[in-house]
Amino acid sequence: MWYQDFSDRLGDWSDLRTSVQNLPLEQALQTINEWWFNSPWQSYYLHWDDLPSWPDPWQLLSDNVFCEVARGLGILYTLSMIDHPEIASADLVLTDDGYNLVLVNKEIYILNWNKDTILNTHQVGKVKKRLTQEQVKKQYS
């Protein structure tokens, strides 16, 4: 369920982060991926060329507009804020074939590809642009 009211979305996002903190890794990733796939989709909202002006996690939830890039950014923010012990790395990437994917633990898991699939069943093309979990943590932690 995706709430129309910002305070409800914010509370639900907080509940999501709490609920996945101690789950087994695959279950946590699947839950996060599915949660963000319920967001209201729009074909265009964020662009990689505007990266310095991308919204912080709270503004992203407040704006309530999610293209593929924004959904991936939300996934990355979530992963960065939960500090799950089995997540060694997470990156939001733009591939040369135009996909905006969240790669977890050196591409073992791919999020923002499909609502129901988090395992690496897709060959990731050449990465053109990248936002790392460490960059996000430095900026918003």
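Each value in this text was obtained by applying a stated rule to the coordinates, not by laboratory testing. This structure is a prediction, so every number in the text was calculated from the model and none was measured. Cβ placement follows ideal geometry from the backbone for every residue including glycine, while neighbour counts extend to all protein chains displayed.
Side notes on the structure shown:
- In this simple spin-label model, placing a label point 7 Å from the Cα along the Cα-to-Cβ direction at both Q123 and N105 gives a separation of 2.4 nm.
- Counting only DSSP H runs of at least 4 residues, each contributing -39500 (n - 2.57), and dividing by the residue count of the chain, the helix-based mean residue ellipticity at 222 nm comes to -12500 deg cm²/dmol.
- The value for region 6-140 of Rg(Cα) / (2.2 N^0.38 Å) is 0.96.
- When you count the other C-beta atoms within 10 angstrom of each residue and take the mean per peptide, 39-51, 10-22 line up highest first as 10-22, 39-51.
- Region 29-104 and region 6-23 have Cα centres separated by 15 Å.
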